[in-house]
1. If a/c stays under 1.5 just call it rounded; otherwise compare a/b with b/c (prolate if a/b is bigger, oblate if not). Do that for the range 259-320, with a ≥ b ≥ c from the square roots of the Cα gyration tensor eigenvalues.
2. Over what distance in Å are the Cα centres of the range 272-286 and the range 161-221 separated?
3. Quick one: divide the alpha-carbon radius of gyration of the range 1-142 by 2.2 N^0.38 Å and tell me what you get.
4. Using 0.36 nm per residue, how much length does the chain from Leu184 to Leu143 gain when fully extended, once their Cα-Cα distance is taken away?
5. Give me a comma-separated list of calculated 3J(HN,Hα) values for the range 270-287, in order, Karplus coefficients 6.51, -1.76, 1.60 applied at θ = phi - 60°, integers in Hz, x for any Gly or Pro.
6. Please give me the summed charge of the neighbours of Gln35: other residues whose Cβ is under 13 Å from its Cβ, Lys and Arg +1, Asp and Glu -1.
7. Tell me, what ³J(HN,Hα) does each residue in the range 10-16 have, in order and in whole Hz, if you take phi through Karplus 6.51 cos²θ - 1.76 cosθ + 1.60 with θ = phi - 60° and put x for Gly and Pro?
8. Give me Lys357, Lys72 sorted ascending by neighbouring Cβ count inside 10 Å, so fewest comes first.
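Read-outs: derived from the displayed coordinates by stated rules, not from any lab. These numbers were taken from a predicted model, which means no experiment stands behind them. FYI the Cβ positions are ideal-geometry reconstructions off the backbone, even for glycines, and counts take in every protein chain you see.
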Amino acid sequence: MSTLRSHRLTSLLGIALGVAFGICFLTGLVSHFLQHPPAGIAWPSRPVGFYRFTQGLHVITGLATVPLLGAKLWSVYPRLFQWPPIRSIAHAAERLSVALLVAAALFQVVGGILNVSRWYAPMPFFFTAAHYWVGWLAVGALLVHIGVQLPVVRTALTRPAPEPGSAGLTRRGLLGAVATAAGLITVVTAGQTVRPLSGPALLAPRRPDIGPQGLPINNTADEAGVRTTALDPSYRLTITGPQRRVDLDLAALNALDQHTADLPIACVEGWSATGTWSGVRLRDLVALVGADPDRSTVVVESLEAAGRYRTSTVAAPHVRDPLTLIALRLNGELLHPDHGYPARLIAPNRPGVQQTKWLGTITVREDS
Ligand SMILES: Nc1nc2c(c(=O)[nH]1)N[C@H]1C(S)=C(S)[C@@H](COP(=O)(O)O)O[C@H]1N2
Ligand SMILES: [Mo]
């Protein structure tokens, strides 16, 4: 057995891991509630890049936990198999919470990596829901674990550190290696959302600058099965409001006031990239069908026949925001078919999954 294993090492790794999991949990909650707001609560549309920041942080921190988790498990590995496995009721409860914590932590990290790599085959369940609920399980087990281990950690860290061993890897050396590994993982992946790091982003599943019109794609027009309908010259955008319904062809859409905004696509998978989008303000279209743009809710629907992300709801703060566009252009060109031609939604502080592409209909409801 390695002499490197000690309460001190485990404590230090545990604190780092606890901080990382805490950041992941809080940013994960933001992502969940932004996408599933509790009834009667609407998220603000500003700051523009808020979700880009929290979700980038979520995935960066999650990936950096891999070496921490590995080292932490290694440092306690022999103790996980102590005999007898159960000594008392309290001991049994503590063992169970540790088993839950290890299982939940591995599930979160492995599932997160599979999702970021878009490899869903090993996950025959809906990843997002599972990731959310297991997150609560992990945090619950983590709090129990912290409560139980706090005295051990306190003793281990207040007692003077033992003399370093004479041969082999030292504790400082091991912690340094773990920190270096976490740093390296960050450097080769964070570039998918932090532009200055896009050069070394060798392992990032997405690069912010690779894709048509300088932006990555989540789902192509062919994958969504919309190429024919999207390119059909008889295309109309149907907008239905409390007072009237209008069908606008591309000429009519282009004849309306055009506006430009620099806004990011911030995917839940952690990549993000800013584009310069031009088109019609959603609030102008809301006014066109006789609703009050300052107090309306909008449902947009894609030409895409099926698919989880074919529709999204735009709550009042985003409808009202002059930066919320039905974009017709990206970076000075007509939208590429993969970016949602002929028209897509783009709004500030909004998860990528809700930036609906290939819009077919817009339904406006005035809030009471
Ligand atoms: N209709 C439709 N819109 C969609 C999607 C989709 O699958 N179908 N994917 C969403 C996701 S998950 C993201 S991250 C963004 C990506 O936009 P981009 O491909 O233009 O970069 O589009 C969103 N809009
Ligand atoms: Mo996405």
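1. Oblate.
2. The distance from the Cα centre of the range 272-286 to that of the range 161-221 comes to 33 Å.
3. Details: Rg = 17.5 Å, N = 142, 2.2 N^0.38 = 14.5 Å.
So the range 1-142 has a normalised radius of gyration of 1.21.
4. On the way: separation 41, 0.36 × 41 = 14.76 nm, distance 2.91 nm.
The Leu184-Leu143 span can extend by a further 11.9 nm.
5. Taking θ as phi minus 60°, the curve returns x, 7, 8, 7, 9, x, 9, 9, 10, x, 9, 5, 4, 5, 5, 5, 4, 5 Hz for the range 270-287.
6. Details: positive: Arg308, Arg350; negative: none.
Summing Lys and Arg as +1 and Asp and Glu as -1 gives +2.
7. Values, residue by residue: 4, 5, 4, 5, x, 5, 4 Hz.
8. Values: Lys357 29, Lys72 22.
The order, fewest Cβ neighbours first, is Lys72, Lys357.
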